[in-house]
1. Just tell me how shielded A:149-156 is by partners: mean number of partner chain Cβ atoms within 10 Å of each residue's Cβ, no decimals.
2. How large is ³J(HN,Hα) for each residue in the range B:333-345, as worked out from phi by the Karplus curve 6.51 cos²θ - 1.76 cosθ + 1.60 (θ = phi - 60°), to whole Hz, x for Gly and Pro?
3. Amide H neighbours of residue B:127 under 5 Å, at least 5 residues apart or on other chains, H built in the peptide plane: list them.
4. Using a 1.4 Å probe on the protein heavy atoms only, what accessible surface does residue A:175 show? Give it in Å² to the nearest 10.
5. Report the calculated FRET efficiency for residue B:154 and residue B:304 (r = Cβ-Cβ distance, R0 = 56 Å), to the nearest 0.05.
6. Please work out the C-alpha center-to-center distance from the range B:56-85 to the range B:311-374 and express it in whole Å.
7. Would you kindly derive the ³J(HN,Hα) couplings of the range A:61-73 from the backbone phi angles with the Karplus curve 6.51 cos²θ - 1.76 cosθ + 1.60 (θ = phi - 60°), listing them in order in whole Hz, with x for Gly and Pro?
8. Between residue B:252 and residue B:190, 0.36 nm times their residue separation minus their Cα-Cα distance comes to what?
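The values are calculated or read from the model by the stated rules, or taken from the named source; none is laboratory data. From a predicted model like this one, the values you see are computed outputs, not experimental measurements. Note that we place each Cβ from the backbone using ideal geometry, even for glycine, and neighbour counts take in every protein chain shown. Note: accessible area is taken over every heavy atom of the protein model, side chains too, but ligands, DNA and RNA are not part of it. Shrake-Rupley method; radii C 1.70, N 1.55, O 1.52, S 1.80 Å.
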Amino acid sequence: MLLELIDIHKSYKIHGRKTEILSGISFSAEKGEMIAIMGESGAGKSTLLNIAGGILRADSGKLIYDSDEINIASKKELDLYRREHIGFIVQDFALISDRDVEENIAIPLRIRKINRSQRSIIISQALMEVGLKGEEKTYPCMMSGGEQQRVAIARALATDPDIILADEPTGSLDSENADNVLNLLRMVCEKGKTVIIVTHDKEVASRCNRIVKIERRRRD
Amino acid sequence: MFLFNELIIYMKKGFLITCVIITCIATAIVLSNLTTLIVHEAETDLQEYNETYADGKYYGIGDKLMGDVEDVFVKQDNCIDILINMNNWLHNNKYFKYFEGRADQISYISNEIEGEFKDTYNDILNAFWLGPDDIEHFEIKTCEGSIFKETDFYHNKSLTNEPGRLCDGELPIVMGCRFRNKYEVGDTLDIYNFFYVGKAKIIGFLEANSKTVDSNGNIYVLDDSVILPFFTDFSGEESSIYMRCLFLQKNNGKLYSKLTAEDLQDMVNEYMSYLGITGAYFVFGAKNQWQVVFATNLDNMINDIGKIAIGITAFSSITLAIFLFVKIKKSERYFGIMAINGFNKNQIRYLVLLEVLMIITMSLVLGIAITGLIHDISYQEYDVNYLKGLFPLVITGIAGFVIGEFNIENQELSSLISRKE
Ligand SMILES: Nc1ncnc2c1ncn2[C@@H]1O[C@H](COP(=O)(O)OP(=O)(O)OP(=O)(O)O)[C@@H](O)[C@H]1O
Ligand SMILES: [Mg+2]
């Protein structure tokens with residue numbers, strides 16, 4: 001197993017009351033798998049994905065990457081894990097609007113202290129992979145939603161992570177663009193990366209290897 | 001390096017407000033240092049003049065009758081009477097003793113090339129106008145000849161209307177001990193000075209190392225000086241410029257007292273208001289002296305500037321706090337994007353704190369630069385206390401730090417990304 005989440009608990013304070021969203025969920029993904037996480041709104045899909053990606057800490061449970069347990073109590077280990085292994089894609093692309101495509105993709109590379117010349121090689125390669133060759137100087141606002149999401153995918157791929165976590169990547173795209181993005185993710189997956197997609201769309205889910213359903217807990 | 005790049009991009013947002021805040025903090029720094037300068041300006045003059053003579057202190061007294069103020073003063077018909085009254089008051093006060101003594105220079109026609117160039121060749125000598133009370137107080141004695149008699153201080157020779165009048169008689173003078181090998185008692189010199197032009201007759205030589213205090217407050221050794229009696233001349237009704245200048249000088253002496261400069265200034269203020277010349281005279285070092293230009297006294301000025309500085313500090317702290325709060329709130333989405341790109345919480349925190357530090361550094365640099373400039377053009381030799389500027393910085397810095405920490409600490413990275421832009 002590449003990634004394992006075991007007995008994950010997570011609760012939020014909602015209206016001053018502690019409400020458990022995830023109560024003992026376990027989940028695992030193998031290398032090269034493309035998994036869809038489905039479930040009704042509020043079930044905790046995003047919560048689970050964020051825990052898997054290390055930007056949200058579970059209250060309890062285990063996070064195991066490549067048979068090494070990551071101490072979820074340690075911010076440092078989580079930060080490191082996230083930086084080394086995880087690429088994020090979100091519904092609204094999370095591009096910085098006043099920076100051009102090149103600068104947006106450069107952010108994770110700069111954080112990882114990759115030098116300028118290497119950066120430009122990586123960026124043009126990533127753009128080629130998502131079919132946006134030569135768009136380095138374009139600003140996100142001048143692109144369609146599909147194109148923006150492809151830039152976001154290029155950015156996620158730039159650091160060569162093993163796991164891509166996508167929270168409703170096609171949620172704000174029309175079917176044609178959604179298809180493009182999905183094909184792209186499929187391709188990424190075939191190169192040996194693990195792709196986990198949270199989606200409401202059965203069409204999207206049907207193109208994954210496996211579907212994981214999360215039930216909404218009944219609240220008191 | 002990366003963080004620095006991000007910082008610059010981050011700081012560009014709302015940079016105009018940042019500039020306003022920087023200017024405010026810098027102003028507060030400048031103002032708090034300005035009070036140092038003003039206090040200093042008053043205090044430089046307050047040297048503890050000379051403790052060898054007695055248990056009191058010497059305080060210089062000066063006037064502000066210069067420039068425009070002088071022009072107005074001179075137009076008063078009784079301006080000379082006012083000056084003479086002031087002089088009498090100074091001399092007849094039970095709370096302090098008054099000394100007129102003052103260092104000056106005189107020209108004299110050299111004896112050495114007597115004859116040929118008598119009218120054109122002249123030389124400069126240090127001179128000291130000794131007041132009537134100085135001799136006794138400073139225990140000034142002669143080693144040869146005699147010292148001035150009381151009558152030597154009343155000079156009633158015929159006058160011209162010009163200042164620096166040619167006099168018929170001979171002004172008695174005493175020489176410092178250095179002159180003993182050059183002159184003898186009874187020799188005469190042709191001297192000229194604003195207050196006297198004519199013959200001067202040596203009546204004695206001072207003991208070596210005779211001392212007094214000059215009007216700048218320093219001990220003044222008389223060995224190299226020609227000692228002149230600082231005479232009083234009441235006969236010059238028609239030479240008003242002369243009389244005015246004479247008494248202006250005579251009233252710029254020093255007070256000897258056990259009281260503080262402020263107490264003395266209070267007395268001077270009271271008498272000045274009686275004479276109708278409020279603000280004209282100031283006791284060196286007194287913080288309650290009147291600032292003619294600002295129509296207030298120094299103490300009030302320092303207080304006011306201090307209050308303004310505190311006000312600006314409070315304003316800039318609050319503005320900085322609000323600015324940071326709003327900016328962080330608005331940047332949450334950006335922080336979230338940085339987080340999914342690999343930023344950790346500490347890096348976000350550094351970004352916020354570095355901005356605060358940058359604002360503070362820039363304010364400090366600007367504040368010190370302006371203070372330094374004011375310091376330079378004020379011709380005052382004193383150490384600028386830049387630490388004073390840290391007061392506003394500490395307050396604003398703490399405000400910034402608390403806001404930054406407070407905002408970032410309780411946030412999950414995952415909730416930052418879900419913020420709308
Ligand atoms: N930071 C938070 N603080 C409090 N409650 C939260 C927080 N994040 C999520 N929740 C709550 O937890 C529940 C699950 O949220 P989550 O976003 O994981 O659901 P989801 O399955 O992704 O739903 P959707 O399909 O609408 O995106 C929701 O009821 C939500 O209101
Ligand atoms: Mg969700």
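1. Values: counts 0, 0, 0, 2, 0, 0, 3, 2.
Mean inter-chain Cβ contacts per residue within 10 Å come to 1.
2. The phi angles translate into 4, 4, 4, x, 4, 4, 5, 6, 8, x, 5, 10, 4 Hz.
3. B:104, B:105, B:106, B:226
4. 100
5. Working: r = 47 Å, r/R0 = 0.85.
Calculated transfer efficiency: 0.75.
6. First find each Cα centre; the distance between them is then 54 Å.
7. Once rounded to whole Hz, the list reads x, 10, 10, 10, 10, 6, 6, 9, 7, 9, 6, 6, 7.
8. Working: separation 62, 0.36 × 62 = 22.32 nm, distance 2.68 nm.
The span from residue B:252 to residue B:190 would gain 19.6 nm if fully extended.
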